[in-house]
Amino acid sequence: MIFKSFRPLALAVRAPVAIVLIASLSGCSMFSGFFSSSSKKPQAAELQPVVALVPAKLAWSARIGEVSFPLEVEVAGDTVVVASTDGAVAALDARTGRDVWRTNIGTPIAAGVGSDGKVAAVVTRGNEVVALAGGREIWRQKLSAQAFTSPFVAGGRVFVLAADRSVNAFDGQTGRKLWSQQRPSEPLVLRQGGVMLAVGDTLVVGLAGRLTGLNPLNGSIRWEAPIASPRGINDVERLVDLVGSVSRTGNTVCARAFQASVGCVDAARGTLLWSKPANGAQGIDGDDQFVFGTESDGRVLAWRRADGENAWSTDRLHYRSLTAPLVVGRSVAIGDSAGFIHMLSRADGSLLNRLTTDGSPVAASPVLAANTLVAVTRSGTVYGFAPE
C-alpha cells in the first residue's frame, strides 16, 4: 500500500487561451470583484458578549510573514508547517511555538504547505514545486501551469494538482517526475485551494465538480463521482470546482463544490452517497454524525452525515468572511476577517467561546496539533491556543 498514513488534506490555467477567475479567499461572493466601488457592502453581524463555556488561553505566538495566498497549515505529529508569501517556510513545535526548522526558498509562494513529517513541499509563483527536508531544499521542478492547491505528500511521493486540471506525481527524494494525468481544462478556474487526499491505496483528487480516484502508482483513473455538475449558459455560470478541506470518516469523503453543493462519496466504491445545494466558497469539516460548513453570507450549517439533511444553522456570524471550520472536541472553530476565532457548539451552533488574534483576517482554517488550536493571520502571526 503506497499510503502508510495520511490525513484529509484556484487555480490559473494555461495562457493564452484560458481566463483566470480569482475567488475571494475570505468566502465572499465570486462576483464581488465585478461590482463597482459604490456597491454597498453587507453589514457584518455585531458580535455579542460571550461566556467562555470552552475555556482556552493563548499559549504562544510566532511570526512567519504576510500570507496572501491560499495557505494550508499542515500538521505532522506535534509539528505544524506554515509558509509566507515572501518564501519563508517553517516547522513549529505546536506545544511551544518554537522553530523546529525554518528557511526561505528565495521566491514568492503561491500554494502550500504539504508535508508528511519528513518532506515538505510548496509551489512558487514561478510555477515550481520546491521540496524541503529538515529545512533544506532537496529539489525543485517546473510545472507546466500555475498551481494554488497545496502539494500532497504521501508514500514517498509529492502530488501536485495544477490549474490546467493536471495531476502530477514526483519522487519525494529526487524530484523525478513519475507521471502526469491530464484532464480537459475549462476556460474559468478558481484561484483557490482544491482537494487532494488519500483513501487506502487511492489518491482522491477534486477535478472540476468531481471527486476522482487515481492509482497513485501510475495516475490511471479508478472512479469518478460528481459532487456538482456545470449549469447555466455562460462560462461563469458553468464554473464548478471542489474547494478546500474535506471531511473524511472511514471510506466516506465529503467535499464542497464552490457555491454549488456539498456532498459525500464512498471512496472505496467511487459512488455518490448524497449531494445538497450549498452556497459556500470554503472547505468543510465534520465528525461521524455531522458535516459542517460556512456559507458565503456567513451562515454556518450542519448537515447530517448519513443523508445530507440539515441538522442546524446559525446566522450569528453573518457577513464576517469566514474560514472553513475545524472540529475541536465538542466545538467547531471558525476564523473570520477581523481575526477572531469563534468556537461554536457541534450540537446546535451556539457560541461557546471567542478567541482573539491581531485583528487581521485569519488566513486559513485553524488546525489542531498536540492538543493546541493553531491559527495563522494574514499579517503573518501564528497563534497557539491551549484549553485551560
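Quick notes on this one:
- Relative contact order [Cα under 8 Å, 6+ residues apart], segment 212-276, whole percent: 27 percent
- Ranked by the mean number of other Cβ atoms within 10 Å per residue, highest first, peptides 277-285, 137-145 order as 277-285, 137-145.
- The 3J(HN,Hα) values that the Karplus relation (6.51, -1.76, 1.60; θ = phi - 60°) gives for segment 240-252 are, in residue order, 9, 8, 7, 10, x, 5, 10, 10, 10, 10, x, 8, 8 Hz. Gly and Pro appear as x.
- Given a 1.4 Å probe and the protein chains as shown, K276 ends up with an accessible area of around 60 Å².
- Cut-off under 5 Å, modelled amide H: who pairs with R157 long-range: G172
- The candidate values are (1) 43; (2) 39; (3) 30; the one derived from this structure for percent of Cα pairs over 31 Å apart carries the label (3).
- Estimated vicinal HN-Hα couplings, Hz - segment 96-109 in sequence order (Karplus 6.51, -1.76, 1.60; Gly, Pro = x): 10, x, 6, 5, 7, 7, 8, 8, 9, 7, x, 7, x, 9
- The length gained by stretching the chain between S180 and E237 to full extension, at 0.36 nm per residue less their Cα-Cα distance, is 17.6 nm.
- Look at where the Cα atoms of segment 163-179 and of segment 73-106 average out, and the two centres are 23 Å apart.
The values are calculated or read from the model by the stated rules, or taken from the named source; none is laboratory data. From a predicted model like this one, the values you see are computed outputs, not experimental measurements. Backbone-built Cβ (ideal geometry, glycine too); neighbour counts: all protein chains shown. Heads up: the accessible areas ignore ligands, DNA and RNA and are worked out on the full protein's heavy atoms, side chains in. Shrake-Rupley method; radii C 1.70, N 1.55, O 1.52, S 1.80 Å.
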